[in-house]
1. Can you list, shortest first and in nm, the gaps between the label point of A:R19 and those of its counterparts in the other copies, using a point 7 Å from Cα in the C-beta direction?
2. Sort out for me the Cα centre separation of the stretch B:70-98 from the stretch B:133-212, rounded to whole Å.
3. Given the C-alpha atoms of the stretch A:259-365, compute the convex hull and give its volume per residue in Å³.
4. Determine which chain A residue has its Cβ at minimum distance from the rotation axis mapping A onto B, giving the value in whole Å.
5. Can you give me the span-like helices of chain A, meaning DSSP H runs with 18 Å or more of Cα extent along the axis and Kyte-Doolittle mean at or above -1.0?
6. From other protein chains only, count the Cβ atoms within 10 Å of every residue's Cβ in B:54-60, then give the mean.
7. Taking every pair of alpha-carbon atoms in the stretch B:120-262, what share in percent sits in each 5 Å bin, from 0 to the bin with the longest distance?
8. Which number gives the lysine pairs in the stretch B:3-134 that have C-alpha atoms under 15 Å apart and are eight or more places apart or on different chains?
2 protein chains.
Amino acid sequence: MSKDYIAARQKKLNSLLKRMGVEALLVTSETNVTYLTGFGGDSSYLLIGKAQTVLISDARYTIQIEEECPGLDVYIRPSTESMTTALEKVLKKAHLEKVGFESHVVTCSLLDSLSGITPAIQWTPLDSFVEELRMVKDASEIEETRKAVQQAQQGFGVLRAILTKDMTELQGAHELEHAMRRFGARQAAFDPIVAAGERAALPHAIPSEKRIGESPFLLVDWGAMTQKGYRSDLTRMIIHGRPTSKLEKVYNTVLKAQCAAIEAIGPGVTCKKVDSVARKIIDKAGFGKYFSHGLGHGIGLDIHEGPRLGANQSTELKPGMIVTVEPGIYLSGWGGVRIEDDVLVTRDGHETLTSVPKEFESSLL
Amino acid sequence: MSKDYIAARQKKLNSLLKRMGVEALLVTSETNVTYLTGFGGDSSYLLIGKAQTVLISDARYTIQIEEECPGLDVYIRPSTESMTTALEKVLKKAHLEKVGFESHVVTCSLLDSLSGITPAIQWTPLDSFVEELRMVKDASEIEETRKAVQQAQQGFGVLRAILTKDMTELQGAHELEHAMRRFGARQAAFDPIVAAGERAALPHAIPSEKRIGESPFLLVDWGAMTQKGYRSDLTRMIIHGRPTSKLEKVYNTVLKAQCAAIEAIGPGVTCKKVDSVARKIIDKAGFGKYFSHGLGHGIGLDIHEGPRLGANQSTELKPGMIVTVEPGIYLSGWGGVRIEDDVLVTRDGHETLTSVPKEFESSLL
């Protein structure tokens, strides 16, 4: 991560903190610590404010922090010192009066400890504060996401090339992850879903020992995570054998809904508007109640981030946001169809980052 | 997961809840929900008490819950209903007055919501309540852990067989994970650490593009996760080229400390006692300050569970606990040596579950 991007994020955060009337923020979310420092380890908190920025970590990470965060102030606690004691020392030294905390991350137990060790500090709950910043990606993050998309697509190419009817869902999932790693991914962005036939009716199916050849179609929902932690998220169907007219109808309904929703994406458009574009098409085809989840979500350092594309979401899309668009129809006992792409909101519309063909014909094996 | 084991866990929890004077517990930790129900998905909470046990989930998981938790009461919230609203409905229907919550898991924001929607309920913080139960494994969990150990050891066998000096740390890590999956693992228990030479001085090194042949020794810290989610955790060194006397000295110090600590394990022994056995040996050899972390930790559904083997831990070991024993010596700029096994506390002592040879000679490639 270039130091410039990190500095820009910290600067933006500090000006937001000032507006909230707090002197500093205690960042306890692992992902938010990574976002604000470039540090990829865990078990570490960041105190960030105008007067000081200090990472509180332990001796396992001393060298890694030097490598990943040159110039960052660090407090390394010895293995005999608890995180609470370390926080007490750092916070006392900082002489702060009003500090924000991530109320959607900080547990009740941790807040109890913080209040106990720092009676002079007024702790202010800030819900999803860094996450707000993270919704809009900077140029380095967009580049990482492109990389994650490429790793995922290359991996899928290998899976399609080596797929046999004897392979189990589980073997397919493992081959896919292994292939993405060969193209540079740190790991899969999440456990890939490889679900044959009726198992595809489970939107979050766990790959099983079922053989792929037992069913006429296969749903694959997968993504790659880059070395720096950014993620892609796609879904494609692979159809073998003679497709039924029901499958073709369900497939084309999902595809139509997905393409229309993508077309609707642009700056200033609300998330619920995009969701409704897809939902109306699926409703009209008579499958409304079988589309049982939101249309999509942001991706980045987490696989599910803001903004959410859902019926109640009034957030407006902004340039730099990256969202999945993934309508699905799930028919218990028969199976499910989902098609998913990753879409970047641009200044004058959108750019679909993913490019695996998705017409019904192209999904035939 | 056999229904009998699940029933026994729920029964034990209910009697502990009664002792704490609460009618029910809202379980929000994903792993604790799995432990108490057998359900392997996420985004779901469990309300458990003598009067009712109900899993609150969403439509993505309807079928999976039927498969994994036959007979369990389930509240499925529609995609348009938030978890908070779902909780409100379920809790109102349950007519409870005093309910425990997992204060080490529940965030400040969630507790605010809970208090808001259920003014009649007195919420009682219970820190690490289910985790206490989880520390002692039942027969089905011990069997799963044995499986996780076997998958890890078979995978390591493949890695040793295919290892070349041209391979990068990252390739080694990926081959290892792929091999474990071939032997039935769902995935690696955690991102494997494959660290050559001086990179092994980072206790939590992330595999890099460094070629293995560039350094005379390699640290591999890995484990497997079974399909049901149980984990193993091992560390071995692989030495190639002519070993230096420094390496041999460091290695044998760590090995001596590790073997002595394992020997000290048995029911009634405190965790800090076991830690001190290893620490004294490393201290005496002059490396005390280079052993910068605790001696070990419990393993199970999480890779780090209780009990912790550390200097401040007065918990007494009990039959059924499974802990790692993993002393290490880390010399910045030179490298590090760690050796790690998984040890089950038995009624009359202990059983080492892992069996990869660890004498200095056996680590020579």
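The numbers here are math on the coordinates, done by the rules we state, and not lab data. Because the structure is a prediction, the values reported are computed rather than measured. For neighbour counting, all protein chains shown are included, and Cβ atoms are generated from backbone atoms with ideal geometry for every residue, glycine included.
1. 5.2
2. Here the answer is 40 Å between Cα centres.
3. So the per-residue hull volume is 116 Å³.
4. Axis-proximal residue of A, distance in whole Å: A:H178, 2.
5. Qualifying helices, which must be both long enough and hydrophobic enough, are A:3-20, A:139-162, A:245-264, A:271-284.
6. On the way: counts 0, 0, 0, 0, 4, 7, 8.
Other-chain Cβ atoms within 10 Å of each residue's Cβ, averaged: 3.
7. Computed distribution, short to long bins: 2, 10, 16, 17, 16, 14, 10, 6, 4, 2, 1, 1, 0, 0, 0.
8. Details: B:K3/B:K11; B:K3/B:K12; B:K11/B:K50; B:K12/B:K50; B:K18/B:K50; B:K18/B:K98; B:K50/B:K93; B:K50/B:K98.
Qualifying lysine pairs in the stretch B:3-134: 8.
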